[in-house]
Amino acid sequence: MDYVDANASAGSFSVSMDTTAPTVSSVSVPANATYVAGDNLYFTVNTTENVTVNTGGGTPTLALTIGATGKTASYVSGTGTSALVFRYTVESGLADTDGIAVGGSITLNSGTMKDAAGNDLTTTLNSVGSLTAVLVDSTAPTVSSVSVPANAT
């Protein structure tokens, strides 16, 4: 909590407490491209003030939908700042031709995200960047048929 002593020498003072929870101001998303197996997708969650992340109870995540498959991007860095970075590494066997999707909030998974005064981050995601051209194609090509010359020549 923050305390302010406005006029201690005159014998009077005032106390101020920060009770305002930090919020998500925007989410920066991966560049428009088609991503393949092994590529990393980074999401930066920008907050209204610096946030300390404690993963002792569990790692915060963002829910993703790639095609019809649910995946998660895990928190990787940014504690003590207003830019929290989440990463998902594309797995093989996924396809999304119309843009991946991000869920509506951060899942804490028993971790915590707090400002310096101890106020919990409001985890609702606001102003998420456009994902319509963030595509995934990590499905290996397959041979569907083989043709041989007539009469084995």
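The values are calculated or read from the model by the stated rules, or taken from the named source; none is laboratory data. Bear in mind that the values here come from a model prediction, so they are computed numbers and not experimental data. Every residue, glycine as well, gets a Cβ built from its backbone with ideal geometry; the counts of neighbours run over all protein chains shown. Quick note on the areas: whole protein, heavy atoms, side chains included, nothing else; ligands and nucleic acids left out. Shrake-Rupley method; radii C 1.70, N 1.55, O 1.52, S 1.80 Å.
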Condition test on Leu94, is it of a type outside the set (Ser, Thr, Tyr) and over 30 Å from Met17 (Cα atoms)?
yes
Could you pull out the residue among Thr52, Thr59 that is of a type in the set (Val, Ile, Thr), modelled with pLDDT of 95 or more and out of contact with any Phe, Trp or Tyr (no Cβ under 7 Å at 6 or more places or on another chain)?
Thr52
May I ask you to list pairs of residues, at least six apart or on different chains, whose Cβ atoms are under 9 Å apart, with the first in region 56-80 being free of Cβ contacts under 8 Å to residues at least 12 places away in the same chain and the second being aromatic (Phe, Trp, Tyr) and open to solvent by less than 40 Å² (accessible area, probe 1.4 Å)?
Val76/Phe86
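Looking only at region 78-94, filter to residues that are open to solvent by 60 Å² or more (accessible area, probe 1.4 Å) and part of a strand (DSSP E or B); which one of those is farthest from Pro60 (Cα to Cα)? Don't jump to the end; show me each part of the working.
Of the residues in region 78-94, the ones open to solvent by 60 Å² or more (accessible area, probe 1.4 Å) are 79, 87, 89, 91-92.
Then keep just the ones that are part of a strand (DSSP E or B); that gives 87, 89.
Working: Arg87: 11, Thr89: 16 Å.
So the residue we want is Thr89.
Whether any residue in region 99-120 is among the acidic types (Asp, Glu), within 19 Å of Asn32 (Cα to Cα) and open to solvent by less than 20 Å² (accessible area, probe 1.4 Å) is what I want to check. I'd like the intermediate steps shown before the answer.
So in region 99-120, the residues among the acidic types (Asp, Glu) come out as 115, 120.
Imposing the further condition that a residue be within 19 Å of Asn32 (Cα to Cα) reduces the set to none.
No, every residue in region 99-120 fails to be among the acidic types (Asp, Glu), within 19 Å of Asn32 (Cα to Cα) and open to solvent by less than 20 Å² (accessible area, probe 1.4 Å).
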What's the number of the only condition in (1) touching a residue at least 40 places away in the same chain (Cβ under 8 Å); (2) more than 25 Å from Thr55 (Cβ to Cβ); (3) open to solvent by less than 60 Å² (accessible area, probe 1.4 Å) that Thr139 fails to meet?
(3)
Out of (1) open to solvent by 30 Å² or more (accessible area, probe 1.4 Å); (2) in contact (Cβ under 8 Å) with a residue 60 or more places away in the chain, what's the single condition that is false for Val134?
(1)
